[in-house]
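In what follows, a single structure is set out as structure tokens and then discussed.
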Amino acid sequence: MFTNNYTFAGHVVEINSIFSEVHQYCAEYRSQKPPVFSVTTDQNDISYERERSYKEDIAEGRPHIEYSDSYLEELAVYRKIAEKAPDWDTLLFHGSVIAVDGQGFLFTAKSGTGKSTHTRLWREVFGERAVMVNDDKPLLTVADGSVIAHGTPYNGKHSLGCNISVPLKGLCILTRGADNSIVSISKQDAYPMLIQQVYRPSDPVQMHKTLLLVDKLAEFTSLYKLKCNMEKDAAITAFNGMKG
Amino acid sequence: MKISNSFIAHSDGKDTLLVSTGTSDFSGLVRSNASAGFIIKCLEKDTTENEIVEAMIKEFDAPREILERDVKKIVAQLRKIGAIEE
């Protein structure tokens with residue numbers, strides 16, 4: 001058993017794992033402070049993740065990859081944290097968060113639409129002003145009238161992100177288009193996508209808390225829909241539309 | 001029958017939404033109009049199609065056969081996505 005403490009969205013979590021890999025994966029987030037929550041994984045959790053990833057590959061029409069136990073354990077750890085997160089007014093959200101001048105912008109869309117491509121354009125346009133917070137699965141704390149986006153070790157296949165937290169300025173649904181345009185959208189327009197992209201706990205009580213947090217998320221941050229191509233102008237259009 | 005444990009009815013301020021938890025294979029969201037929302041509310045407790053129709057007659061100004069058809073249709077749709085526990 002491997003044990004150490006890590007910070008997720010400002011909360012110290014003790015991770016007790018079978019394999020050591022998850023600890024290397026989370027190393028940047030190590031904490032010396034006492035934990036407020038403890039996660040322990042076993043072989044059943046790994047089997048569960050294997051089954052889930054198999055079903056997801058089938059559902060999305062991807063070729064199925066046989067993952068290692070240690071990788072599946074990394075997923076199991078984050079799932080347990082995501083199940084707990086609503087108790088901390090926090091959601092796991094699928095999207096790419098980039099900060100410019102210290103303010104966060106979140107882009108969300110189904111896998112393969114081009115979230116990561118779009119935030120790469122932001123880095124090209126804004127250079128050192130831009131910092132990747134998390135390219136895949138940030139944690140969002142929704143409280144006191146604002147949303148804070150946190151970097152986490154779980155930051156996508158290119159490991160883009162860092163251990164910082166930024167206030168979220170806007171949340172944008174990304175779609176592809178020939179030209180670039182951005183519009184404000186209502187909570188009602190955004191809701192189906194927000195529900196699709198948020199982590200849905202298995203526990204109905206945690207799921208209920210998640211829905212209340214999604215309501216607040218839609219209330220506390222500005223919502224947009226972007227049509228974009230893969231030119232740098234896409235980043236400029238999005239930033240100008242969202243910077244307020 | 002009633003709404004399955006793996007679904008939660010939630011209002012977004014206007015419509016009643018039916019959202020699945022992580023345990024369900026269905027990962028969408030059901031957005032309902034007033035009558036479907038009413039049916040979903042009825043299904044939060046154990047009930048029958050007949051009881052729902054009776055409740056709807058009190059609530060909506062529509063002929064019984066229309067309401068019966070609506071209830072049948074909505075319940076069938078919910079059943080299809082695994083949202084009904086018998």
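Just so you know, all these numbers are worked out from the coordinates, no wet-lab data involved. Quick caveat: nothing in here was measured; it's all calculated off a predicted structure. For neighbour counting, all protein chains shown are included, and Cβ atoms are generated from backbone atoms with ideal geometry for every residue, glycine included.
Where in the range A:143-187 does the label zone of A:E124 land, with the point 7 angstrom along Cα→C-beta and an amide N cut-off under 20 Å? Label zone hits: A:157-161, A:174-182.
A:Q24 to A:K232: extension gain in nm, 0.36 nm per residue of separation minus the Cα-Cα distance?
Values: separation 208, 0.36 × 208 = 74.88 nm, distance 3.50 nm.
Stretched out fully, the A:Q24 to A:K232 stretch lengthens by 71.4 nm.
Once you order the gyration tensor axes a ≥ b ≥ c over the Cα atoms, which shape class does the range B:2-85 get: rounded for a/c under 1.5, otherwise prolate or oblate by comparing a/b with b/c? Judged from the Cα gyration tensor, the range B:2-85 comes out prolate (a/c at least 1.5, a/b above b/c).
Beyond 27 Å between alpha-carbons counts as too far, so tell me which of A:K80/B:K45; A:K225/B:K41; A:K187/A:K243; A:K55/B:K14; A:K225/B:K72 fall in that bin.
From A:K80/B:K45; A:K225/B:K41; A:K187/A:K243; A:K55/B:K14; A:K225/B:K72, over 27 Å: A:K80/B:K45; A:K225/B:K41; A:K55/B:K14; A:K225/B:K72.
By the count of other C-beta atoms within 10 Å, a proxy for reagent exposure, A:C172, A:C26 are ordered fewest to most as A:C26, A:C172. Averaged over the residues of B:23-34, the number of partner chain Cβ atoms lying within 10 Å of the residue Cβ comes to 2. Take the Cβ atoms of A:L212 and A:D189, set R0 to 25 Å, and the FRET efficiency comes out at 0.80.
Between A:I58, A:I148, A:I182, the residue with the greatest mean-square fluctuation in the GNM of chain A (Cα pairs under 10 Å linked by springs) is A:I58. Compared with the dominant principal axis of the Cα atoms in chain A, helix A:115-126 is inclined by about 60°.
Taking the beta-carbon count within 10 Å as an exposure proxy, list B:F7, A:F37 from fewest neighbours to most.
Numbers: B:F7 25, A:F37 16.
Sorted ascending by nearby Cβ count, the order is A:F37, B:F7.
Extending 7 Å from Cα along the Cβ direction at A:D87 and again at A:T117 yields two label points whose distance is 4.1 nm. Comparing A:F107, A:F126, A:F93 in a Gaussian network model of chain A where C-alpha atoms under 10 Å apart are linked, the largest mean-square fluctuation is found at A:F126.
Each Cα pair under 8 Å and six or more residues apart adds its sequence gap; the mean of these over the residue count of chain A is a relative contact order of 18 percent. Spin-label pair A:Y54-A:T175: with each label point 7 Å from Cα along the Cα-Cβ axis, the two points sit 3.7 nm from one another.
Taking the number of Cβ atoms within 10 Å of each Cβ as an exposure proxy, the fewest-first ranking of B:E59, B:E49 is B:E59, B:E49.
Mean residue ellipticity at 222 nm, helices only, the protein assembly as shown: -12000 deg cm²/dmol; runs of at least 4 DSSP H residues each add -39,500 (n - 2.57), and the sum is divided by the number of residues. Comparing A:D215, A:D87, A:D57 in a Gaussian network model of chain A (Cα springs below 10 Å), the most mobile by mean-square fluctuation is A:D57.
Cα-based Rg of the range A:90-242 per 2.2 N^0.38 Å, rounded to two decimals? If you can, show how the numbers build up before the last one.
Details: Rg = 14.3 Å, N = 153, 2.2 N^0.38 = 14.9 Å.
Expressed relative to 2.2 N^0.38 Å, the Cα Rg reads 0.96.
Extending 7 Å from the Cα toward the beta-carbon at both A:D203 and B:E59 defines two label points whose distance is 3.1 nm. Cα centroid separation, the range A:121-183 to the range A:214-244: 10 Å. Were the residues from A:S47 through A:H64 laid out at 0.36 nm apart, the gain over their Cα-Cα distance would be 4.6 nm. Across peptide A:178-189, the average count of Cβ atoms from other chains found within 10 Å of a residue's Cβ is 1. Residues of the range A:95-113 with backbone nitrogen within less than 20 Å of a virtual label 7 Å along the Cα-to-Cβ line of A:K243, please, listed as ranges. Within reach of a label on A:K243, which here means backbone N under 20 Å from a point 7 Å along Cα→Cβ, the range A:95-113 contributes A:97-107.
Any chance you could give the angle, 0 to 90 degrees and rounded to 10, that helix A:43-59 forms with the longest Cα principal axis of chain A? Here the helix axis deviates by roughly 30 degrees.
Take every Cα pair under 8 Å whose residues are at least 6 apart in sequence, average their separation, divide by the length of chain B, and the relative contact order is 34 percent. Helix A:187-197 and the longest principal axis of the C-alpha atoms of chain A enclose an angle of approximately 40°.
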